[in-house]
């Protein structure tokens, strides 16, 4: 019973942050909610053996997202009511363009960018979460940043 209460408290206190991370990975709120729900369900089964719950669930988020991407899993997207051209969730054009550019990155590079710069995790922790060497995290970060630098929409935004 104590595990259940601790798990419920974890879900209540950490879900918002984990949902934002899931959104940055998926770029869709509905898919992010599904990803978080599936990750929390997986964590529940191992809850009694988890030392650092937030890191554990974050790793589940990334690995589940990666497996969905590898399977080319795509959700249905409604097409009757399309948003106006140039509309973004947050209403800030430059920020929306940045996240569109991040969304065009390959899944692993996107995961590295989100974990390194949004979650502000050190290279060693990102490597542990992704199950790769620190050098891989550094090279994927460098490749992703290079792609973002040459992305046409970002280049336009950086010009005076």
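The values are calculated or read from the model by the stated rules, or taken from the named source; none is laboratory data. Small disclaimer: the values here were computed from a predicted structure and weren't measured. Every residue, glycine as well, gets a Cβ built from its backbone with ideal geometry; the counts of neighbours run over all protein chains shown.
Any residue at all in region 112-120 that's without any contact (Cβ under 8 Å) to a residue 12 or more places away in the chain, surrounded by 15 or more Cβ atoms within 10 Å (Cβ to Cβ) and part of a loop (DSSP other than H, G, I, E, B)? Walk me through it before giving the result.
We begin by selecting, within region 112-120, every residue without any contact (Cβ under 8 Å) to a residue 12 or more places away in the chain; these are 117, 120.
Add one more test, that the residue is surrounded by 15 or more Cβ atoms within 10 Å (Cβ to Cβ), and what stays is none.
No, that holds for no residue.
Just to be sure, is residue 105 more than 28 Å from residue 10 (Cα to Cα) and at pLDDT 85 or above?
Working: more than 28 Å from residue 10 (Cα to Cα): yes; at pLDDT 85 or above: yes.
Taking the combined requirement at face value, the residue satisfies it.
Taking region 34-50 only, how many residues are over 24 Å from residue 116 (Cβ atoms) and assigned to a helix (DSSP H, G or I)?
8
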(request) Only residues that are more than 13 Å from residue 111 (Cα to Cα) and surrounded by 18 or more Cβ atoms within 10 Å (Cβ to Cβ): list them for region 122-151, please. (result) 148, 151
(request) Please enumerate the residues belonging to region 51-81 that are modelled with pLDDT of 85 or more and not in a helix (DSSP H, G or I). (result) 51, 52
